[in-house]
Amino acid sequence: MKKLPATEKTISKKIGRKIKSPILASQLKDLGLDTKAFIDFFSPLFAELSWDPYDVRRLQGAFLMQAFPQDKSLIEKRLPDYYVGKKDKRTYLKWIKQLSKNKRQQFDAIQPWRRRSVCKFVLKELKKNIRIKRVAVPQFAQEVSGEDIRSLPRVFDESPASHVENELFYDLMKKVFGIVKNKRATIGKRVRQVSFTAHFMSVKATSDKPGDNSPEGAHEDGVDYIISALVINRFNLKGGQSQIIEKLPNQKKEIIFRHTLQPGEFVFQADTRDEIVYGTDLWHHVTPFYLAKKEKGDGWRDIIGFDIMVEE
């Protein structure tokens, strides 16, 4: 079986059992979009995004808890306010000052490696066209256990209008809206309105640290459908394999599709509650990625992801 396009039907045939929930791993050109125009426009925009501070704060807190185990409970108690930005680094100043020279260098080396922005649009089918309306993005909280600090709400920069309020981006959302309508029709449901929350993410890999889009491992995002990644840039990297995973009735997870996405390629799939709606429980993951050649400097993987909800 050739890798792309791949659907729940081709994957079912490959693995010898039926996958019922929707999957489409494909390319922009297969949606009727101009791949070169799309990549040329979006490729340089990722360098304009702000750095994500949340990962850094989480790792700094973990570092201090390890360095001062006798004060772990106090450091941990202060972490939520530091993580969400209510408190700054001064909340940990007395411990930072006690770090040895070597430990302080390690602490200061915890730097951002992910740039990101978010935006949200609501698409509604009218009699003659599709209305596209941009709305504010609510706070973002990841679907992880309550003990995980990433379950706390985070606020990311809204994507600039110049990045997303244009025909290229609108056409992409319209095409994906069509996919959702078609997949919903297979279970006898009509779709008139869908919301798209888009995540622009640029993740860096260095000689000291791999890039990682999914440090939490295989997961669901808590929405009806996702595009886990539409890759725009991929520079000086190896690894970063996108995986579609089935959670079986015995609770074991099995990879049913894997592919290292190249620029212009994407994965669409059903997400949360799909086992109830369609009959197969799909999860997703992307493996860490590493520098292909150290002499070329840092590596980068730039993607657009979508959280998609059927609203009407």
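Across the chain, Cα pairs under 8 Å and at least six residues apart give a relative contact order of 22 percent.
Taking each residue as 0.36 nm, the span from Tyr170 to Lys97 lengthens on full extension beyond its C-alpha to C-alpha distance by 21.2 nm. On C-alpha positions alone, give me the angle between the axis of helix 54-67 and the longest principal axis of the chain, in degrees, nearest 10. Roughly 40 degrees, rounded to the nearest 10.
Amide H contacts of Trp283: Ile245, Glu246, Lys247, each under 5 Å away and 5 or more positions distant or on a separate chain (H built 1.01 Å from N in the peptide plane; Pro and chain starts excluded).
For the stretch 54-108, the normalised intensity computed at q = 0.28, 0.31 Å⁻¹ comes to -1.26, -1.45 (log10 of I(q)/I(0), Debye sum over alpha carbons, equal scatterers, no solvent).
Of the listed pairs Lys77/Lys101; Lys36/Lys183; Lys181/Lys253; Lys209/Lys296; Lys124/Lys181; Lys133/Lys183, which have alpha-carbon separations greater than 18 Å here?
Listed pairs above 18 Å: Lys77/Lys101; Lys36/Lys183; Lys181/Lys253; Lys133/Lys183.
Think of the stretch 54-108 as a dipole: +1 on every Lys or Arg Cβ, -1 on every Asp or Glu Cβ, centred on the Cα centre; then among Pro80, Phe107, Val56, Phe107 lies furthest on the positive end.
Mind listing which trypsin sites (Lys or Arg not before Pro) in the stretch 271-312 are in a DSSP loop and have 12 or fewer other Cβ atoms within 10 Å?
Within the stretch 271-312, the qualifying trypsin sites (Lys or Arg not before Pro) (loop, at most 12 other Cβ atoms within 10 Å) are Lys293.
If R0 is taken as 25 Å, the Cβ-Cβ distance between Val56 and Lys238 corresponds to a FRET efficiency of 0.50.
Compute the FRET efficiency between Ser151 and Lys247 as 1/(1 + (r/R0)^6), taking r as their Cβ-Cβ distance and R0 = 22 Å, and round to the nearest 0.05. Approximately 0.65, to the nearest 0.05.
Whole-percent P(r), the chain, all Cα pairs, 20 Å bins from 0: 30, 56, 14, 0.
Suppose R0 equals 35 Å; then what is the FRET efficiency for Ala47 and Gln105 from their Cβ-Cβ distance, rounded to the nearest 0.05?
0.80
Estimated at 0.36 nm per residue, the fully extended path between Ser73 and Glu295 surpasses their Cα-Cα distance by 75.7 nm.
Just so you know, all these numbers are worked out from the coordinates, no wet-lab data involved. Values in this document were obtained by computation on a predicted structure and should not be read as measured data. Ideal geometry is used to build each Cβ from the backbone, glycine not excepted, and the neighbour counts take in all protein chains shown.
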